1. Give the residue list of trypsin sites (Lys or Arg not before Pro) in the range 83-167 that are DSSP loop and have at most 16 other beta-carbon atoms within 10 angstrom.
2. Give, as a single signed number, the net charge of other residues whose beta carbon lies under 13 Å from the beta carbon of ALA190, with Lys and Arg counted +1 and Asp and Glu -1.
3. Skipping prolines and chain starts, which residues have an amide H placed within reach, meaning under 5 Å, of the one on ALA70, given they are 5 or more residues away or on another chain?
4. Determine which lysines satisfy two conditions relative to LYS44: a Cα distance under 23 Å, and not lying fewer than 8 residues away in the same chain.
5. Shape verdict for the range 11-53, please, from the Cα gyration tensor: rounded (a/c under 1.5), prolate (a/b greater than b/c) or oblate.
6. List, in order, the whole-Hz ³J(HN,Hα) value for each residue of the range 101-106 obtained from phi through the Karplus relation with A = 6.51, B = -1.76, C = 1.60 and θ = phi - 60°; use x for Gly and Pro.
7. What FRET efficiency would be calculated for the residue pair ASP17, SER234, taking the C-beta separation as r and a Förster radius of 30 Å, to the nearest 0.05?
8. Find how much the distance from ALA80 to ALA225 grows on full extension, using 0.36 nm per residue of separation minus their present alpha carbon separation; answer in nm with one decimal.
Amino acid sequence: MAEQVKPTVTVYDLTRDVPGGVSLSGLSEPKFDGVNYYRQPTDKSSTIGFSTSGTRFVQFEYQLYSPGSAVTGQATLDGASLGTASFPAGRFVQNAIHGTFVDAGKHEVSLASTCTPTCAQPFSQYWTKLTVIEDVRVRAREDTGLGTERLWLNAPGTELKISGTGPVSFDGVNYRRPIDAPAFTLSWPAGRSPLSVGFTVSSNQPFRVTTKLGDEVLSVKRGDARAQVTPSLSLIGHPDARSVTVQVDCLNGTTGCAGLYFPNVGLRTPPAISVLPVVSGGLTLVLLGAAALLLGFGPRPRRG
């Protein structure tokens, strides 16, 4: 997608201490349960403050635990929702991971938590971590040749939209979105003629990927723990298409077994429009002909 340069990853592990460059409020001093360290909320919400010197991908990770109540966390970044995560009573489950791109400046990640039923005792927050990634590989738009370009979803300022997946996260190498719903929909800007759609679906079990354009099936492919699915989808001949829908079936009968990587759409670039001064028709033809001779322009073979 871009230069093969490794991203710069900075991890702020806030479970036991507060490293330089960040601030933490709304959580207690570290406590120890005999196995792991944790903190407990001291306010209605906790806040992590930090700053970046340029565009960065920011990932927030945490886990909540209450012995007698289910706990739900609502994470925001600079007031915008990052997502919610629910943790059942008396059980340790997978960490919540939320990510997004930010511009240069000061930022705040906040976490507000609620219990069902009302918390009878203070609950605990484990594995509190903030990861900041500088990645020059990430671009929202890529020039792919004469009159064409490729748009990428997992990039700052992207024009693509997606529904049916969880929030984007960084797995240490690439950007991944969990496929939470039975299907996801990838869409692109109106008025743009699509050429192709690309993505990769990965899972640790057998799965099937069915891609549709409306009611038309474009592709059906199977994968498993050893074989990812990367359909090659041409949309030439569908100039008015605005989206594709991708159904992911987990063949072991589970749900949410797969992850989405590298979603992108190839599009024709809008043609440049120039306006000539209004002059008489005959004079316009003479001027155009003279310009063509002087500049070496003229009829040329068209490319397909």
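1. Details: sites: ARG91, LYS106, LYS129, ARG137, ARG139, ARG141, ARG150, LYS161; in loops: ARG91, ARG137, ARG139.
Those that pass, being in a loop and sparsely packed, are ARG91, ARG137.
2. Summing Lys/Arg as +1 and Asp/Glu as -1 gives +1.
3. ALA89, THR116
4. Cross-link targets: LYS31, LYS106, LYS129.
5. Here the range 11-53 falls in the oblate category.
6. 3J(HN,Hα) across the range 101-106, in whole Hz: 9, 10, 8, 5, x, 8.
7. 0.05
8. My answer for the length gained is 48.7 nm.
The values are calculated or read from the model by the stated rules, or taken from the named source; none is laboratory data. No experiment lies behind these values; they were computed from the predicted model shown. For neighbour counting, all protein chains shown are included, and Cβ atoms are generated from backbone atoms with ideal geometry for every residue, glycine included. For accessibility, only protein heavy atoms count, side chains too; no ligands or nucleic acids. Shrake-Rupley method; radii C 1.70, N 1.55, O 1.52, S 1.80 Å.
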